[in-house]
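Structure first, then comments.
None of the figures in this text is laboratory data; all of them are computed from the coordinates on show. Only a predicted model underlies this, so the values are computations on that prediction, with no experimental measurement involved. Here the Cβ is made from the backbone with ideal geometry for all residues, glycine too, and neighbour counts use every protein chain on show.
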């Protein structure tokens with residue numbers, strides 16, 4: 001994924017660009033590897049029996065569904081569906097997670113680490129294998145509808161980051177994991193903007209760096225910019241805040257309006273951000289929609305905060 005710095009005109013994707021699926025698979029593999037490294041680090045040092053911030057779930061319960069277990073073949077089926085061109089079977093992620101937690105609640109750190117390592121290895125084997133360039137651009141099933149297979153695999157970094165924040169305080173979550181989660185969030189949002197025919201450039205700026213996306217027609221490009229850029233240098237619609245706050249806002253783990261009022265999250269060029277809303281409406285599994293929806297509900301034409309936030313969306 002290219003890196004740029006300094007003031008930039010709006011991002012315009014190349015014809016047939018498909019975000020992470022058009023990037024060098026090795027770069028996407030590095031992003032995904034950083035996310036998995038962070039989760040494995042946490043799993044090795046956290047008390048798996050300690051309560052997580054998910055009611056009724058321990059740290060181990062939160063992390064278990066991320067692993068590869070004998071009865072968990074979701075990733076293999078995902079790739080096989082694309083390879084064979086077959087329609088995917090219906091997938092109830094919540095039900096699947098509940099079954100895995102019930103089956104492996106007693107897993108110790110070695111068992112959990114082994115399952116997480118196997119899941120990581122399957123993802124990286126695809127991204128570094130011979131099929132990544134061609135098969136990775138083919139549409140695959142995802143919670144937000146069809147996306148290129150590589151984008152679906154990379155989007156897993158978002159889930160890893162969200163679950164890590166459920167398992168540990170933000171200060172304890174490795175920076176590489178949080179940054180990968182932001183990148184996955186931006187790429188998915190860009191894919192949906194392209195699907196909706198929206199022409200837009202937007203960025204998410206955190207102390208860890210800046211992820212930006214440009215969508216035009218059916219095409220979109222996603223890139224990581226140099227660290228330390230200010231929104232004023234870009235002149236793009238942007239969401240700014242700590243990576244953990246952005247991720248928590250996207251899932252509804254923390255009240256978005258409170259984050260906006262306390263300026264832990266800042267919106268730059270709200271009208272520009274609002275151009276994304278038509279593409280995000282009607283996508284119930286969209287990560288990130290909550291922050292934009294909050295802005296739409298909270299910012300009036302006079303600039304005053306009004307209204308309340310609706311239910312947050314969960315990936």
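Once the Cβ-Cβ distance of residue 121 and residue 270 is raised to the sixth power relative to R0 = 41 Å, the FRET efficiency obtained is 0.45. Using a Förster distance of 30 angstrom, determine the FRET efficiency expected from the C-beta separation of residue 105 and residue 76, and round it to 0.05. Efficiency for this residue pair is about 0.80. Taking 0.36 nm per residue of separation and subtracting the Cα-Cα distance, full extension of the segment from residue 263 to residue 27 would add 81.7 nm.
Among 126, 20, 202, 75, the ranking by other beta carbons within 10 Å of each residue's beta carbon, starting with the fewest, stands as 75, 126, 202, 20.
Figure the gain on full extension for residue 133 and residue 114 (residue separation times 0.36 nm, minus the Cα-Cα span) and round it to one decimal in nm. Please report the intermediate quantities before stating the final value.
Numbers: separation 19, 0.36 × 19 = 6.84 nm, distance 2.84 nm.
Residue separation times 0.36 nm, minus the Cα-Cα distance, leaves 4.0 nm.
Take every Cα pair under 8 Å whose residues are at least 6 apart in sequence, average their separation, divide by the length of the chain, and the relative contact order is 21 percent. If the elastic network links every pair of Cα atoms under 10 Å, which of 61, 30, 248 fluctuates the most in the Gaussian network model of the chain? Top of the fluctuation ranking is 30. Site pair residue 277 and residue 226 shows an inter-label distance of 3.5 nm when each label is modelled 7 Å from Cα along Cα→Cβ. Listed by Cβ neighbour count within 10 Å, with the fewest neighbours leading, 57, 83 appear as 83, 57. The reciprocal of the average 1/r between distinct C-alpha atoms defines the Kirkwood hydrodynamic radius, which for the stretch 19-298 equals 19.0 Å.
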